[in-house]
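Report on the following structure.
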Amino acid sequence: MIRPALLLLATSLAAPLWAEPLAPIKVTEWKAVYGTVEARDRIPARARIGGTLVDLSVAEGDEVAAGQELARIVDDKLDFQLAALSAQREALAAQLANAEADLQRGEDLLKNGVTTTQRVDALRTQVDVLKGQIASLVAQADVIAQQAKEGVVLAPVAGRVLDVPLTKGAVLMPGEVVAVVGGGGTFLRIAVPERHAGALEAGDAIEVSGAAGDLKGSLARVYPLIEGGRVVADVEIAGLPDTFVGARMLVRLPVGERAALMVPKADVVTRSGLDFVGVQGAEGAALRSIVPGEVRVVDGVEMVEVLSGLVAGDVVVPASAVSGGVGHE
């Protein structure tokens with residue numbers, strides 16, 4: 001028969017020698033808010049001329065490259081103006097040919113002493129005026145031709161088409177939006193209650209929960225203007241999809257730190273609906289009932305916060321090292 005003293009000694013020797021007194025550690029307090037996926041650049045592609053939308057080659061959700069043709073606007077009046085300028089140019093060209101012939105005859109007569117120099121200078125001036133008028137018509141035609149080219153609406157940046165408020169056949173005025181393109185990547189925009197404004201700093205680590213799993217990000221910018229009791233901030237996340245701009249995602253922000261007692265999750269056992277951990281006491285190791293809290297990962301180990309049942313200085317041992325019954329505080 002084993003004596004009680006030997007049993008106590010064996011129990012003491014079985015207790016882990018590496019166990020250290022429990023000490024509070026700092027844990028981060030997280031605030032859960034919803035963030036909205038925003039495009040970094042949201043630029044409208046506008047009509048530069050008025051007219052009829054005769055071609056619309058994109059729809060919401062399409063990927064476009066910078067400078068890609070999105071739509072085409074036609075103004076029939078521009079063709080009529082070009083035709084009118086062309087007719088005026090032909091008429092001036094005929095007058096110029098006649099004026100140049102008169103000038104040549106005048107110069108011949110001047111050589112023979114039949115006419116005066118003043119008359120020849122007048123003919124030469126008339127030729128120069130007609131040439132200037134023709135050059136002016138050519139410039140006007142170039143302007144109108146350029147306006148016709150501006151009927152092609154191009155993508156201002158590379159990205160995804162977010163909105164197309166018009167349909168083919170619509171009549172547009174200059175400056176109207178044909179499509180809205182979001183480019184330059186995406187970020188999350190959040191609005192946080194102003195009581196947490198002091199705890200937000202650029203560079204803070206951010207946790208985001210999405211449909212594809214948890215993502216890591218950082219607080220890129222905190223805006224100084226408070227509106228409606230909320231602070232606006234931007235969160236940078238690598239690989240954030242731009243499939244749905246405006247989608248809401250759950251964001252966890254660090255808003256403070258506090259001290260907490262934590263034990264490894266593997267050392268917590270559940271019996272009859274109660275949670276226990278092994279505690280080394282003066283009479284040996286025993287199980288003590290605790291109230292567990294949130295599970296956190298500390299240095300790659302899952303730890304359980306102890307809300308009650310343990311105090312700083314307690315020595316926690318694995319439950320497998322406990323051979324006695326349940327202890328009490």
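Pairing residues of the range 44-69 that are in contact (Cβ under 8 Å) with a residue 24 or more places away in the chain and over 18 Å from Ala148 (Cα atoms) with residues that are open to solvent by 50 Å² or more (accessible area, probe 1.4 Å) and not polar (S, T, N, Q), at Cβ distances under 6 Å and at least 6 apart in sequence or on separate chains, gives Ala65/Ala158; Ala66/Ala158.
Just one residue in the set Pro224, Pro165, Pro174, Pro241 is open to solvent by 80 Å² or more (accessible area, probe 1.4 Å) and within 30 Å of Ala71 (Cβ to Cβ); that residue is Pro174. Meeting the requirement of 3 or more residues that are modelled with pLDDT under 95, within 30 Å of Pro193 (Cα to Cα) and touching a Pro at 6+ places or on another chain (Cβ under 8 Å), the strands (runs of 3 or more DSSP E) wholly within the range 1-78 are 25-46. Looking only at residues of the range 42-61 that are among the charged types (D, E, K, R) and open to solvent by 60 Å² or more (accessible area, probe 1.4 Å), we find that the one that is nearest to Ala312 (Cα to Cα) is Arg42. Checked against the criterion of being open to solvent by 60 Å² or more (accessible area, probe 1.4 Å) and either within 33 Å of the chain's Cα centre (by Cα) or of a type in the set (A, V, I, L, M) (or both), the candidates Leu253, Leu274, Leu287 yield just one match: Leu274. Strands (runs of 3 or more DSSP E) fully within the range 134-249 that include at least 3 residues being modelled with pLDDT under 90 and not small (Gly, Ala, Ser): 177-193, 205-210, 213-227, 230-237.
Checking Ala259, Ala266 one by one, the residue that is open to solvent by 40 Å² or more (accessible area, probe 1.4 Å), outside any strand (DSSP E or B) and either modelled with pLDDT of 85 or more or under 30 Å from Ile25 (Cα atoms) (or both) is Ala266 and no other.
The values are calculated or read from the model by the stated rules, or taken from the named source; none is laboratory data. All of these numbers come straight from a predicted model, not from anything done at the bench. Note that we place each Cβ from the backbone using ideal geometry, even for glycine, and neighbour counts take in every protein chain shown. SASA here: full protein model, heavy atoms, side chains in, ligands and nucleic acids out. Shrake-Rupley method; radii C 1.70, N 1.55, O 1.52, S 1.80 Å.
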